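See structure below.
Just so you know, all these numbers are worked out from the coordinates, no wet-lab data involved. All values derive from a computational prediction rather than experimental measurement. Don't worry about glycine lacking a Cβ; one is built from the backbone with ideal geometry, like all the others, and counts go over all protein chains shown.
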Amino acid sequence: MGNRKNHLLSRREFVSTASAFMIVPRHVLGGPGYVPPSDRITLAAVGMGHQGFEVTMELLARPDVQVIAVCDCNKGSMDYVEYDDNGILKMARRLLGPGYENWGSDLESPGRVQLTHEFSTSVGMGGREPAKRLVEAYYGSRNGSATGAYRGCTAYADWRELLEKEKDLDAVYVATPDHWHAGVSLTAMRKHKHVLCQKPMTHTIGDARRMAATAHEMKVATSVTINNPSTDATRVISEWIADGAIGAVAEVHNWSSRPFWTQGVGRPASPDPVPGGLDWDMWLGPAPERPFSQAYLPFVWRGWHDFGCGSFGDMGCYSFAGVFKILNLTPPLSVEACSSESWDETFPKASIVHLNYPANGSRPAVRMSWYDGGLRPPRPAGLSARDQRMFTGGEEHEGILYVGDKGILLAGFNGNYPRVYPESPKYQYQAPARQPGAPRTDIAIEQWVAACKGSGEAPLANFELQSPVTEAFLLGCLAQRFPGEFIEWDTATMRVTSSEKLNAYVDPPYRSAYQL
């Protein structure tokens, strides 16, 4: 770590000594595009699976971010699920640029795996050592040295050690499995670090409340990696509904083709050997202790109650964030679910969840229904042939349907390309034009980085705004665990009022060795 000072003057050092210098315009210091150290965010990435790598690469490419540390309790392995053959490696090579077309040849995908009857996927690299290698390759390729050598990124197995040792750290990106999101994020915020957190924001409702309260108290920049509150489609749907395009909305239907991982199963009968390089106890963290099994990771942990939030946590966090903003929702009053066969430790293979939201101002009460595992709402009459396909089977056929007393509004899962029925020339969506060659940007990351640098504008996916959204779909997860129960919820007291036994799942304790 000692030579990191040669690569980066910390923002804190710059601020503490700023009075001794005359401020010179940045273009004078380093030419067009130069970002002085005082404007650069030092960042650590925790959790180096697919989402960890993908977002870290986007942050690496930003001149106003410097990645100084990575962390994962897995040293490195080649069994991480990808969405394209060699997807992460291809992305890494594109990021590194010319001359790196064959970089990481030893990290080539070993092949494909069949996760479920319908879903097979490529597997590839993950873990802290491949992540460190990529970060150093990227900065080495851009530091102007003859060899491209760079040694400015430290790899940690324990995020607590990282937060204790990295004194120059400004921000943390959290991409662990769901059950660790709050532990890492809360600790980082309490150390005055800005936090970007993967979806879902938390694994429990109690942690969602704490995340929001801590972000408010510490006055740090926070965001979940979801763009729906900020998209043009969300803006347009809000305006159309406010304009009365479909009348008063009382129903919303939202369906996902997930899960792509195994659900509706019991605990494995016998354990597997813990892979070399994996700290299994650290991976479990706050979750109850259990023997290791290949049934839990990577990726497939999403279906297990102790670690993930099923399809809701994977996808509902996106769509719900948009719906909450469009309809100005507050947490639901009641939730109920029906599902395929119920299992003690995993989410069901398929379910329908109904969430009943209270009226708000002039808006009437809203009943929102969630469908997963191939289930879908009834197909409305009068749809175009293209829109009828959204109600058929297939991975890509996911959607959202707003039902008003004068018509319906149908869109893709995240609200993309909305259409109104009965059709009207007044409500025809035109996607905003994109400049040729303009880079694709992630709105949530843009807003978060700007807030870290003192923009004064809170990201629209900040923890305080997303806490009630998270509360809603986590109540949906609770309903999936207890199909047939009519769950009445009091958000003011954070309690289930219809069944005392369910309150044990609202804010369960962390395992003693990992209590915050």
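Mean sequence separation of contacting Cα pairs (under 8 Å, at least six apart), scaled by the length of the chain, corresponds to a relative contact order of 16 percent. The order of the peptides 287-295, 352-360, 388-396, 128-136 by mean Cβ neighbours within 10 Å, most packed first, is 128-136, 352-360, 287-295, 388-396.
Each of SER122, GLN515, PRO425 was placed along the dipole of the chain (beta-carbon charges, centred on the mean Cα), and the one lying farthest toward the positive end is PRO425. How high is the FRET efficiency between ARG290 and GLU251 when r is their beta carbon distance and R₀ equals 45 Å, given to the nearest 0.05? The calculated FRET efficiency here is 0.65.
Give, to the nearest whole percent, the P(r) tail of the chain beyond 34 angstrom, counting all Cα pairs. Summing the P(r) tail past 34 Å for the chain gives 39 percent. Between ASP232 and ARG511, what FRET efficiency follows from the Cβ-Cβ distance if R0 is 45 Å, with the result rounded to 0.05? After rounding, the FRET efficiency stands at 0.55. If r is the Cβ-Cβ distance from VAL274 to SER424 and R0 is 51 Å, what FRET efficiency results, to the nearest 0.05? Calculated transfer efficiency: 0.25. Ranked from largest, the principal axis spans of the Cα set of the stretch 367-420 equal 30, 27, 20 Å.
Using every pair of separate Cα atoms, the Kirkwood estimate puts the hydrodynamic radius of the stretch 163-269 at 17.0 angstrom. Taking label points 7 Å from Cα along the Cα-to-Cβ direction, LEU383 and SER498 give a separation of 2.9 nm. Charges were assigned to the Cβ only: +1 to each Lys and Arg, -1 to each Asp and Glu. The resulting dipole of the chain about its Cα centre is roughly 1240 debye.
D by Stokes-Einstein for the stretch 292-413, Kirkwood Rh over Cα pairs, 37 °C, 0.692 mPa s: 202 µm²/s. When only Cα pairs below 8 angstrom with a gap of at least 6 residues are kept, the stretch 61-183 shows a relative contact order of 33 percent. The gain in end-to-end length when the ASP106 to PHE119 segment is fully stretched comes to 2.1 nm, 0.36 nm per residue minus the alpha carbon separation. For the stretch 116-222, report the translational diffusion coefficient in µm²/s to the nearest whole number, using Stokes-Einstein at 10 °C, 1.306 mPa s, and a Kirkwood Rh over Cα pairs. After rounding, the answer is 99 µm²/s.
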